[in-house]
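What follows is one structure encoded as structure tokens, with my remarks underneath.
Read-outs throughout are calculated quantities, based only on the coordinates presented, and are distinct from any laboratory measurement. Small disclaimer: the values here were computed from a predicted structure and weren't measured. Heads up, the Cβs are rebuilt from the backbone with ideal geometry, glycines too, and the neighbour counts pull from every protein chain shown.
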């Protein structure tokens, strides 16, 4: 069976199991990682948010359309002080620049950990260079979503 067939089979089991969403998500995540083991590399990506959202994300996972950053600093800078480390197959993240959008949603079983970063102090910042780097890494789709703004 290929990974997609395994995934479909497990989803069918979910429907019949009567498990809670978090139990089913954890089971699926473990199964996905077993399928991927040896066939694909895994990678940790980051999602920053505020404290108020942490419990809900731990229970239900991430909604479709959630942004994830390739680097911790980006998650903290754009998201919030509470940062989730989330496991993804390398192929899900390699087509993007500094961030990507997960269109399917992410079950709680893919969450590695959540940390709170309370003390972050910027000692120097070249905002113009930061904006230039940010814009140079936008995909065409991201540029269109941002209203076609020029570099």
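Some points to look at:
- Highest-first arrangement of 132-145, 102-115, where packing means the average Cβ count within 10 Å: 102-115, 132-145
- Extending 7 Å from the Cα toward the beta-carbon at both residue 127 and residue 55 defines two label points whose distance is 3.7 nm.
- Subtracting the Cα-Cα distance of residue 115 and residue 136 from their residue separation scaled by 0.36 nm leaves 4.6 nm.
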